1. Among the residues of region 51-65, which ones are farther than 21 Å from residue 152 by Cα and surrounded by fewer than 18 Cβ atoms within 10 Å (Cβ to Cβ)?
2. If residue 77 satisfies every condition in (1) among the polar types (S, T, N, Q); (2) more than 16 Å from the chain's Cα centre (by Cα); (3) at pLDDT 95 or above but one, which is the exception?
3. Based on what the data block shows, is residue 2 farther than 29 Å from residue 92 by Cα and either out of contact with any Gly (no Cβ under 9 Å at 6 or more places or on another chain) or at pLDDT 50 or above (or both)?
4. Exactly one of (1) at pLDDT below 90; (2) closer than 20 Å to residue 159 by Cα; (3) under 15 Å from the mean Cα position of the chain (by Cα) is unmet by residue 42. Its number?
5. Could you list all residues from region 59-68 that are assigned to a strand (DSSP E or B) and either touching a residue at least 60 places away in the same chain (Cβ under 8 Å) or out of contact with any strand residue (DSSP E or B) (no Cβ under 8 Å at 6 or more places or on another chain) (or both)?
6. Determine if region 45-54 includes at least one residue that is at positive phi and in a strand (DSSP E or B).
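The values are calculated or read from the model by the stated rules, or taken from the named source; none is laboratory data. From a predicted model like this one, the values you see are computed outputs, not experimental measurements. Note that we place each Cβ from the backbone using ideal geometry, even for glycine, and neighbour counts take in every protein chain shown.
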Amino acid sequence: MKKAISVLLLFWSLQSMVGQNTIRLEAGQTSPAATLQDVKWISGNWVADSAFGYSEENWGVPSGNTMMFCFKMMRDNAVFFYELGHIEQKSNTLVLKIRHFNVELQPINQSIQEEFKLVKIEKNKVWFEGITYEKSKNGMNVYVFEEDAKKELTFEFKKAKK
């Protein structure tokens with residue numbers, strides 16, 4: 001009985017650490033097999049308006065075992081945040097790596113490069129730990145679990161107009 005209660009408590013605490021569209025690897029679980037070709041649909045120039053401001057996210061095509069991206073967020077026509085990163089094909093799976101920068105392009109925390117392991121992949125949806133990319137009818141949805149606030153953020157991107 002104690003073991004069942006402990007398992008339920010662990011399950012409930014883990015559920016509070018993720019959102020509806022973001023998940024994490026379970027203890028002992030390994031990342032599934034995947035290649036950059038499985039996520040090639042993310043490539044392109046994307047824009048989004050959200051409660052946080054206007055965002056641009058630009059993804060390159062797979063090359064050199066990576067897909068590189070850059071991201072900027074603006075409010076009141078001024079940039080206040082940048083990200084740079086890539087999805088790396090490592091062995092037989094994928095890893096998302098991100099670094100954050102301030103408006104002067106200085107790393108926000110020089111010792112932190114965030115790594116997000118692949119949890120699950122489908123034709124039009126890829127789940128990394130705490131970040132999910134989903135191809136939608138109108139573009140791409142990105143779900144990010146915000147650890148400090150303990151909530152999931154949603155960005156609804158559309159292809160940028162040329």
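1. First, pick out the residues of region 51-65 that are farther than 21 Å from residue 152 by Cα: 58-65.
58, 60, 61, 63, 64, 65 - these are the residues of region 51-65 that are farther than 21 Å from residue 152 by Cα and surrounded by fewer than 18 Cβ atoms within 10 Å (Cβ to Cβ).
2. Of the numbered conditions (1) among the polar types (S, T, N, Q); (2) more than 16 Å from the chain's Cα centre (by Cα); (3) at pLDDT 95 or above, the odd one out for residue 77 is (3).
3. So residue 2 fits the description; yes.
4. For residue 42, the exception is condition (1).
5. Step one: of region 59-68, the residues assigned to a strand (DSSP E or B) are 59, 63, 66-68.
63, the sole residue that qualifies.
6. Going residue by residue through region 45-54, those that are at positive phi are 53.
Retained after the next criterion (residues that are in a strand (DSSP E or B)): 53.
So far as region 45-54 goes, yes, one or more of its residues are at positive phi and in a strand (DSSP E or B).
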